[in-house]
Amino acid sequence: MGRKLLLEKADIPGIRSYNVYRQHGGYAAVEKALRMTPEEVVEEVKKSGLRGRGGAGFPTGMKWSFLAKPAGVPRYLVCNADESEPGTFKDRYLMEFLPHLLIEGLIAASWALGSHRTYIYIRGEYAWIVDILDQAIAEANAHGWLGKNILGSGFDCQIYVQRGAGAYICGEETALIESLEGKRGNPRIKPPFPAVKGLWDCPTVVNNVETLAAVVPILQLGGEEYAKTGIGKSTGTKLISACGNINRPGVYEIDMTISVEEFIYSDEYCGGIAGGKRLKACIPGGSSVPILPANLLLRTAKGEKRMMTYESLSDGGFQTGSMMGSGGFIVLDEDQCVVRHTLTLARFYRHESCGQCSPCREGTGWMEKILHRMEHGKGRMEDIDLLWDIQRRIEGNTICPLGDAAAWPVAAAIRHFRDEFAWHVTAPEECLRRNYGLAQYADELVSA
Ligand SMILES: Cc1cc2nc3c(=O)[nH]c(=O)nc-3n(C[C@H](O)[C@H](O)[C@H](O)COP(=O)(O)O)c2cc1C
Ligand code: SF4
């Protein structure tokens, strides 16, 4: 049984309410933080080795230390609860079942960063969670954890919840800031980075829900103790939302010491492939990260066991590896069609492109069109190289990483499943008839 630092109390009846949360040690991290200086809190987070859980995995303590502190200018902390990446639903779980854990982390982080007005930007579809958060914030206010002069410390802080309107791009931190300011959520050109010029042009830190919730165990244990869980630069625990063709889809807290194989096949986690089928492929970190075929998912190209850590999942770069990303673990069994799957993703990214830069605006639509004709039996062999060329011209040539996020799934699908794309061209009828089951990959498929 892996160590739990975030979801440990999730099953306690009534833990969503303030009273039960407090009875079980809740808000002790805020008490501790307020006895420390803001710099000391930042130092603990640095020592913990915590990496941002929103996707990029940037060290949180370092990010906090970059926050500019010009005199007389407010600073802001914004919690990114947009969570619109396909396959990712771990923040929803945290907010729904442990709202006070997030509020506690937010208050401690607000103290560390000097944010007196802190925002939770939440995806609009999570309407029922807005009510849960509002209730938790009201309770925290009623018990003196928010408002003026918290616990007599002289620190004032208030938390506001803002709903998005259903755009994936508003999860990108600068688009989120634009949206929070009441504008259309178009990403900004960086630099300047939000740490210098963010919300209302003031220094701003944007962090993911899980990142900010992790501040609570870091303060409870101390940064060094927190860092003892995990391997290498993958410290602490990570929430993984597992879905697709598995027996036990759900949100799991892993302590980043287990292998991918254990995560998929152990009854503690995914419980194996549904229906006793064979594993074909997996997208380990949300729809934007490269898909890996079964053989490269379970072992790296060096033949080592692939572990559920930032380093191991990305071992081999994009040639033979992938990324931890947001922790959206999407499993595909032997009957799934990679071309169809890639089309679904391409459609999503075309729809969600904000349209500011032409490689993303035009490229995503073009890729979708080509994949659509391949999937519908009208593909040409040269379409495979054309797709490759288009994704290559998008990657790295756009204002924000949505362009990369649209290019990587196409690149990885072609890199690892080129034969399957070719098969769609040479045998379209058979392909459609067989509903995409592929015998030629049988040797690479791993038995459950
Ligand atoms: C298109 C796009 C969507 C994103 N969506 C989210 C999201 O829903 N939640 C999130 O925390 N980060 C998201 N990010 C990453 C954020 O820009 C930012 O890096 C993150 O909120 C930083 O928090 P962290 O350091 O705690 O990971 C997205 C990035 C891109 C490019
Ligand atoms: S990459 Fe796409 S989503 Fe990002 S700014 Fe450019 S057009 Fe908009």
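Could you check how many residues of the stretch 12-64 are of a type outside the set (V, I, T) and assigned to a loop (DSSP other than H, G, I, E, B)? Give the derivation first.
Taking the stretch 12-64 as the starting set, the residues that turn out to be of a type outside the set (V, I, T) are 13-14, 16-19, 21-29, 31-36, 38-40, 43-44, 46-59, 61-64.
In the following step, the residues that additionally are assigned to a loop (DSSP other than H, G, I, E, B) were identified as 13-14, 16-17, 24-27, 36, 49-50, 52-58.
Of the residues in the stretch 12-64, 18 are of a type outside the set (V, I, T) and assigned to a loop (DSSP other than H, G, I, E, B).
From R373, R340, R415, which residue is modelled with pLDDT of 95 or more and either open to solvent by 50 Å² or more (accessible area, probe 1.4 Å) or assigned to a loop (DSSP other than H, G, I, E, B) (or both)? First the steps, then the outcome.
Values: R373 fails: modelled with pLDDT of 95 or more; R340 fails: modelled with pLDDT of 95 or more.
After ruling out the rest, the residue left standing is R415.
Do any strands (runs of 3 or more DSSP E) entirely within the stretch 218-325 hold 3 or more residues that are within 19 Å of the chain's Cα centre (by Cα), and if so, which?
Counting at least 3 such residues, we get 238-244, 250-254.
Tell me whether the stretch 174-191 contains one or more residues that are crowded, with 24+ Cβ neighbours inside 10 Å, within 16 Å of ligand 2 (Cβ to nearest atom) and under 16 Å from the mean Cα position of the chain (by Cα).
yes
Would you be able to tell me the number of residues in the stretch 418-439 that are closer than 18 Å to I291 by Cα and modelled with pLDDT under 75?
Residues that pass the stated criteria total 3.
Scan the stretch 223-237 and give yes if some residue there is open to solvent by 10 Å² or more (accessible area, probe 1.4 Å), out of contact with any Phe, Trp or Tyr (no Cβ under 6 Å at 6 or more places or on another chain) and within 21 Å of I103 (Cβ to Cβ), otherwise no.
No, every residue in the stretch 223-237 fails to be open to solvent by 10 Å² or more (accessible area, probe 1.4 Å), out of contact with any Phe, Trp or Tyr (no Cβ under 6 Å at 6 or more places or on another chain) and within 21 Å of I103 (Cβ to Cβ).
Can you name the residue in the stretch 45-54 that is open to solvent by 20 Å² or more (accessible area, probe 1.4 Å) and near ligand 1 (Cβ under 10 Å from one of its atoms) and, of all such residues, is nearest to S84 (Cα to Cα)? Quick ask: steps written out before the conclusion?
The initial filter retains those residues of the stretch 45-54 that are open to solvent by 20 Å² or more (accessible area, probe 1.4 Å), namely 46-47, 49, 51, 54.
Cutting the leftovers down to near ligand 1 (Cβ under 10 Å from one of its atoms) gives us 51, 54.
Details: R51: 20, G54: 11 Å.
Once the filter is applied, the top-ranked residue is G54.
Looking for whichever is of a type outside the set (F, W, Y) and touching a helix residue (DSSP H, G or I) at 6+ places or on another chain (Cβ under 6 Å) here; the options are A242, A213, A195. Which one fits?
Values: A242 fails: touching a helix residue (DSSP H, G or I) at 6+ places or on another chain (Cβ under 6 Å); A195 fails: touching a helix residue (DSSP H, G or I) at 6+ places or on another chain (Cβ under 6 Å).
None of the others qualify; the one that does is A213.
Mind listing whichever residues of the stretch 397-412 are within 13 Å of ligand 1 (Cβ to nearest atom) and not in a helix (DSSP H, G or I)?
T398, I399, C400, P401
Test R163 against the criterion of being within 15 Å of ligand 1 (Cβ to nearest atom) and surrounded by fewer than 20 Cβ atoms within 10 Å (Cβ to Cβ), and give yes or no.
Details: within 15 Å of ligand 1 (Cβ to nearest atom): yes; surrounded by fewer than 20 Cβ atoms within 10 Å (Cβ to Cβ): yes.
Criteria met by R163.
Which one of L94, L67, L5 is outside any loop (DSSP other than H, G, I, E, B), of a type in the set (A, V, I, L, M, F, W, C) and in contact (Cβ under 8 Å) with a residue 60 or more places away in the chain? Walk me through it before giving the result.
On the way: L67 fails: outside any loop (DSSP other than H, G, I, E, B); L5 fails: outside any loop (DSSP other than H, G, I, E, B).
Answer to the selection: L94.
Just a yes or no: is a residue in the stretch 231-239 away from ligand 1 (no atom under 16 Å from the Cβ), charged (D, E, K, R) and modelled with pLDDT of 95 or more? Show your work before the answer.
Initially, the stretch 231-239 is screened for residues away from ligand 1 (no atom under 16 Å from the Cβ), giving 231-232.
Among the residues that remain, those that are also charged (D, E, K, R) are: none.
Taking every residue of the stretch 231-239 in turn, none turns out to be away from ligand 1 (no atom under 16 Å from the Cβ), charged (D, E, K, R) and modelled with pLDDT of 95 or more.
Checking the structure you have, find out if any residue of the stretch 260-278 is within 16 Å of ligand 2 (Cβ to nearest atom) and in contact (Cβ under 8 Å) with a residue 40 or more places away in the chain.
Taking the stretch 260-278 as the starting set, the residues that turn out to be within 16 Å of ligand 2 (Cβ to nearest atom) are none.
No: zero hits.
The values are calculated or read from the model by the stated rules, or taken from the named source; none is laboratory data. As the structure is a computational prediction, the values presented were derived from the model and not from experiment. Here Cβ is always computed from backbone atoms with ideal geometry, including for glycine, and neighbour counts include all displayed protein chains. Just the protein is used for accessible areas: all its heavy atoms, side chains included, with ligands, DNA and RNA removed. Shrake-Rupley method; radii C 1.70, N 1.55, O 1.52, S 1.80 Å.
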